[in-house]
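Quick notes on the structure that follows.
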Amino acid sequence: MKKLIIRLLIALVVVVILAVLAVGLFLDGAIKRGVETFGPRLTKVDIKLQSVSLSLFSGSGIVKGLVVGNPEGFKTPSAISVGETTLALKPGSLLSDKIVIKTINVQAPEITFETDLRHNNLNKILSNLQEATSGGRKEPAKPQEPSPPKEAKPARKLQVDRFDITGGRIHVSATGLVQGTATIPLPDIHLQDLGMGPDGITPAELTKLVLEAIEKAAAQASSGAVADIGKGALYLTKDAGSLRTNAVDTVTKGLGGLLKQK
């Protein structure tokens with residue numbers, strides 16, 4: 001009888017472990033599919049994700065190979081590329097209506113800031129996201145047959161205690177009348193206490209807050225580089241810094257101000 005109980009306990013432990021592994025694999029795949037399916041619907045650009053690995057025991061996770069494409073009309077291949085992002089969440093919150101993420105650390109992102117001095121690619125993605133989440137202006141709907149009401153499933157909310165973007169670079173690409181490229185450091189970005197209220201925030205709202213911070217930092221950091229490109233500056237870039245040799249024949253004024261105009 002004792003041996004039978006031991007065997008049953010061992011079998012139960014194995015079943016629990018297999019169940020946890022199965023849930024983990026399903027959750028990892030669900031996150032990847034969600035990002036690649038719903039992300040493009042909101043931003044109107046291609047989004048690819050290499051892999052997601054999340055531990056249900058420790059709450060730690062790694063997201064690898066995130067690539068955010070560029071909107072139509074822009075020439076550079078992508079807007080954002082991130083090799084690795086680490087996160088830590090409270091495992092118990094996965095079963096609640098609000099998932100609590102303690103930290104998200106985006107490491108060494110490659111940001112492409114493409115501008116024609118009137119518009120830039122990051123602001124266009126942000127505008128697409130705002131339009132998708134606000135609904136935009138629509139034509140009045142034509143009368144149609146009433147359809148049976150559907151029960152809307154509430155979206156899972158998020159709380160992010162700290163969101164850090166560190167060690168990034170901005171690849172500036174000026175197009176149009178002024179053409180040239182440069183690579184400069186992306187200022188570190190630190191966001192905190194996102195969705196701290198009882199209702200939290202949606203994934204779309206979190207994405208909007210992060211994109212706003214990236215676009216603002218990239219626009220401010222790139223204004224000097226674009227102005228120098230317009231003056232005929234030659235950029236020799238090494239690692240995350242820039243060595244500049246100016247060969248100025250003509251002076252272009254106001255490029256920084258034009259860059260900041262939406």
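The values are calculated or read from the model by the stated rules, or taken from the named source; none is laboratory data. Since the model is a prediction, treat every value here as computed from it, not as a measurement. Glycine gets a Cβ as well: all are built from the backbone with ideal geometry, and neighbour counts include every protein chain shown. Heavy atoms of the whole protein, side chains included, go into the accessibility calculation; ligands, DNA and RNA do not. Shrake-Rupley method; radii C 1.70, N 1.55, O 1.52, S 1.80 Å.
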Subject >> strands (runs of 3 or more DSSP E) within the range 175-262 that include 2 or more residues within 28 Å of Arg162 (Cβ to Cβ) and modelled with pLDDT of 90 or more >> reply: 180-185, 189-194
Original post:
Using beta carbons and a limit of 9 Å, which pairs, at least six apart or on different chains, have the first residue in the range 182-204 and within 20 Å of Gln130 (Cα to Cα) and touching a residue at least 24 places away in the same chain (Cβ under 8 Å) and the second one aromatic (Phe, Trp, Tyr) and open to solvent by 70 Å² or more (accessible area, probe 1.4 Å)?
Top reply: Pro203/Phe38; Ala204/Phe38
Original post:
Looking at the range 96-117, which of the residues that are at pLDDT 95 or above and assigned to a loop (DSSP other than H, G, I, E, B) is surrounded by the fewest Cβ atoms within 10 Å (Cβ to Cβ)?
Top reply: Ala108
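Does Ser93 count as at pLDDT below 90 and open to solvent by less than 50 Å² (accessible area, probe 1.4 Å)?
On the way: at pLDDT below 90: yes; open to solvent by less than 50 Å² (accessible area, probe 1.4 Å): yes.
The answer is yes for Ser93.
Could you pull out the residue among Phe113, Phe57, Phe74 that is aromatic (Phe, Trp, Tyr) and over 30 Å from Ala225 (Cβ atoms)?
Values: Phe113 fails: over 30 Å from Ala225 (Cβ atoms); Phe74 fails: over 30 Å from Ala225 (Cβ atoms).
The unique qualifying residue is Phe57.
Please tell me if Ser60 is in contact (Cβ under 8 Å) with a residue 12 or more places away in the chain and under 13 Å from the mean Cα position of the chain (by Cα). Explain how you work it out, then say what you get.
Details: in contact (Cβ under 8 Å) with a residue 12 or more places away in the chain: yes; under 13 Å from the mean Cα position of the chain (by Cα): no.
Taking the combined requirement at face value, the residue does not satisfy it.
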Subject >> Residues located in the range 184-197, provided they are closer than 15 Å to Ala221 by Cβ, open to solvent by less than 20 Å² (accessible area, probe 1.4 Å) and not aliphatic (A, V, I, L, M) >> reply: none
**OP:** Identify the residue in the range 63-73 that is open to solvent by 50 Å² or more (accessible area, probe 1.4 Å) and in a loop (DSSP other than H, G, I, E, B) and, among all such residues, is nearest to Thr181 (Cα to Cα).
**Re:** Gly73
**OP:** List the number of the failed condition for Glu131; all other conditions in (1) modelled with pLDDT under 95; (2) among the acidic types (Asp, Glu); (3) open to solvent by less than 90 Å² (accessible area, probe 1.4 Å) hold.
**Re:** (3)
